[in-house]
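Derivation of every value follows stated rules applied to the coordinates shown; laboratory data play no part. Predicted model, so just to flag it, every value in this text is computed and none were measured.
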Amino acid sequence: MPGFLFCNELLLGSFTPRLHVSRFRIYLYDCLSHFHLIPKLNATGVLDIPRETTVHSQGIIEIDRLIEDVFPLTCDHVAEWSLTVIEDEVLEEKPEGVGTTFRVVTEEHGKQMVFQGVITRYEPPYLNAMHLTGKMFDIEAEYTFEDISERTRVTLISNVTGKGFFKVFLFLFGWMMNKSSCQATQKELESLKSFCEESAWFDSAAT
């Protein structure tokens, strides 16, 4: 599929433009049309990128542990169970939870990213939502917890909104990233499940 190869080379920085800018726009438009991503052009013929370009993901998992245990293990021990978060530091804690600020450091393929976070909804042990602000993109994440006969169903919904060039990248390839993002979300939840079911944190605290 030459359209994809062309766009991929451009994103990797290995493509040296030789086309006149107007021909380049036509070629890029044909690339997007090939994948049924028909963009709108503004009056000057430039691609009209939506103000908010977002990748959505959702994952659900059932954990063999009480909801009263799963909620704090999920929310207060992120760096211990997450596959990507390596640091999770509370900066300012609010009594009711909402408004609490924190700092998160993630690492993937050797690359670290720093996010500033704030809790937007906090209803223990049923809901925890947050907004994370990063350099390349922002994340809205919401965990919901459901009691199902001494087990807990956890649902994670997240929306990633791009900034700058990454906004254009999401516009072009977000349709591919949605699937991989959902797969990554499910892997995170599977890691959470293992951590909650194997953790003796509450057992040792009760003795």
- Can you list the HN-Hα couplings for the range 63-78, worked out from phi with the Karplus curve (6.51, -1.76, 1.60; θ = phi - 60°), rounded to whole Hz and with x for Gly and Pro? 10, 7, 6, 5, 4, 5, 8, 5, 4, x, 5, 6, 7, 9, 9, 4
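Any chance you could run the full-extension gain for Gln112 through Glu62? It's 0.36 nm times the residue separation minus the Cα-Cα distance, nm to one decimal.
15.0 nm
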- Task: Taking amide H positions as placed in the peptide plane 1.01 Å from N, state which residues far from Arg65 in sequence (5 or more) or on other chains have amide H under 5 Å from it.
- Result: Thr152
- Based on the alpha-carbon gyration tensor of the range 77-151 and its eigenvalue square roots a ≥ b ≥ c, which shape applies: rounded if a/c is under 1.5, prolate if not and a/b is larger than b/c, or oblate? oblate
